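Trainee: Dropping a structure here in structure tokens format, bear with me for questions.
The values are calculated or read from the model by the stated rules, or taken from the named source; none is laboratory data. What you are looking at is a predicted structure, and each value in this text was computed from that prediction instead of being measured. Methodologically, a virtual Cβ is constructed for each residue, glycine included, from the backbone with ideal geometry; neighbour enumeration extends over all protein chains shown. To get the accessible areas, we keep the full protein, side chains included, count just its heavy atoms, and leave off ligands, DNA and RNA. Shrake-Rupley method; radii C 1.70, N 1.55, O 1.52, S 1.80 Å.
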Amino acid sequence: MNADIRVVTDGAALAQAAAALIVAAVAQQASRFSLVLSGGSTPNAVYQLLAQPPVRASLPWERIHLFWGDERYVPADHPESNFRMAREALIDHVPIPASNVHRINTDLPADEAAAVYQQELHRFFTEQGSDIPQFDLVLLGLGEDGHTASLFPNTAALEEAERWVVANDVPQLSTTRLTLTFPVINQAKQVAFLVGGEAKAAMVAQVLGNQHEGAPLPSQRVQPGSGQLIWLLDQGAASLLRDQGEV
Ligand code: 6PG
């Protein structure tokens, strides 16, 4: 796996490194910047840093567009909503235009929500003269089962080769999730995994240490074609890699 693996000391350093990565990526271009947010708990501290001085004032919020890599199929104000997490940690505290916040509309039936979101992506990228959905930066997390976004092992979304967004039944969670698919994630200019804590060390070693046998894990299938793949890890998450000298 051709990845740029960066290890920092702890969770706080991980959040700082991720915020710095976002600031640097935004500064690399003068036009609209499309940032795909990941869900779960890890990125919360990152979003809070973006919403506080000094970072808050340094970002050109008027040209930053927020998208979601996946969403739980719950209302926007539900405690499990990835949108709600980002709204509380970031969106409510920065001067980003409402039209720049591209929420996955989970008020619709799941398949329709996916189709409508794909139409929104298509409209966004068409406006900038592109017929391919090339996000500037996609943030991803890693589950202990090797999932990322809502691309869980043994689920149908893993095999989606055409659509950019699907409703994915996840039997292991007895739920439906909405998720970007590999075709669109792997188009991105930059993809950054943010992974912290010893609980993830075994999976990080499988994904990055090529220790995994059999079919690739979902996270191993994130291979941006022409984009940069970055793994931001804290020492806990990297601890089994370090033992093998991979970092
Ligand atoms: C979600 C995420 C999911 C997450 C991983 C890691 O909706 O939960 O998109 O892919 O990134 O499960 O979650 P933690 O950061 O909570 O460990």
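Trainee: Would you look at the GNM of the chain, springs on alpha carbons closer than 10 Å, and say which of A157, A237, A12 moves the most?
Mentor: Sorting by GNM fluctuation, first place goes to A12.
Trainee: For all pairs of alpha-carbon atoms in the range 104-158, what percent lies in each bin of width 10 Å, listed from the first bin to the last filled one?
Mentor: Histogram of Cα-Cα distances, whole percents per bin: 20, 37, 38, 5.
Trainee: Still on this structure: Using a probe radius of 1.4 Å on heavy atoms only, what accessible surface per residue do you get for the chain? Whole Å² is fine.
Mentor: Result: 43 Å² of accessible area for each residue.
Trainee: While we're here: Ignoring any ligand, DNA or RNA, what whole percent of the accessible area of the chain comes from carbon and sulfur when the probe is 1.4 angstrom?
Mentor: Working: 5100 of 10510 Å².
Within the chain, the accessible surface is 49 percent carbon and sulfur.
Trainee: Cα extents of the chain along the three principal axes, largest first, in whole Å?
Mentor: That works out to 47, 42, 35 Å along the principal axes.
Trainee: If each of R32 and S99 carries a label point 7 Å out from its Cα toward its Cβ, how far apart are those two points in nm?
Mentor: The answer from the label model is 1.0 nm.
Trainee: On to the next question. With viscosity set to 1.567 mPa s and temperature to 4 °C, compute the Stokes-Einstein D of the range 75-133, Rh being the Kirkwood radius across alpha carbon pairs; µm²/s, no decimals.
Mentor: Working: Rh = 12.8 Å.
D, rounded to a whole number, is 101 µm²/s.
Trainee: I would also like to ask the following. Please list the non-local residues whose amide H lies under 5 Å from the amide H of I5, H modeled 1.01 Å from N, same-chain partners needing a gap of 5 or more.
Mentor: Long-range HN contacts for I5: W231.
Trainee: Given the DSSP H assignment, sum -39500 (n - 2.57) over each helix run of at least 4 residues in the chain and divide by its residue total; what's the result at 222 nm in deg cm²/dmol, nearest 500?
Mentor: Details: 8 runs with 75 residues, N = 247.
Theoretical 222 nm ellipticity from helices: -8500 deg cm²/dmol.
Trainee: Mind telling me which of A149, A24, A167 comes out most flexible in a GNM of the chain, alpha-carbon contacts under 10 Å?
Mentor: A24
Trainee: So, one more: Would you list D10, D77, D234 from the most to the least accessible area, probe 1.4 Å?
Mentor: D77, D10, D234
Trainee: Then there's this: Hey, rough spin-label estimate for I132 and L173, points 7 angstrom out along Cα→Cβ, what's it come to in nanometres?
Mentor: 2.9
Trainee: Relative contact order for the range 8-158: what is it in percent, counting Cα pairs under 8 Å that are at least 6 residues apart? Provide the component values of the computation, followed by the final result.
Mentor: Working: 193 pairs, mean separation 39.0, N = 151.
It comes to 26 percent, rounded to a whole number.
Trainee: While we're looking at this one, here's another question. Could you compute how fast the range 102-242 diffuses translationally, taking Rh as the Kirkwood radius over C-alpha pairs and applying Stokes-Einstein at 4 °C with viscosity 1.567 mPa s? Give it in µm² per second.
Mentor: Details: Rh = 15.8 Å.
Translational diffusion coefficient: 82 µm²/s.
Trainee: Output ³J(HN,Hα) for the range 49-59: one whole-Hz value per residue in order, computed from phi by the Karplus curve 6.51 cos²θ - 1.76 cosθ + 1.60 with θ = phi - 60°, and x for Gly and Pro.
Mentor: Ordered by residue, 3J(HN,Hα) equals 5, 5, 8, 10, x, x, 5, 3, 6, 8, 9 Hz.
Trainee: Additional query: Compute the normalised compactness of the range 1-86: alpha-carbon radius of gyration over 2.2 N^0.38 Å, N being the residue count.
Mentor: Values: Rg = 13.9 Å, N = 86, 2.2 N^0.38 = 12.0 Å.
Taking N as the residue count of the range 1-86, the ratio is 1.16.
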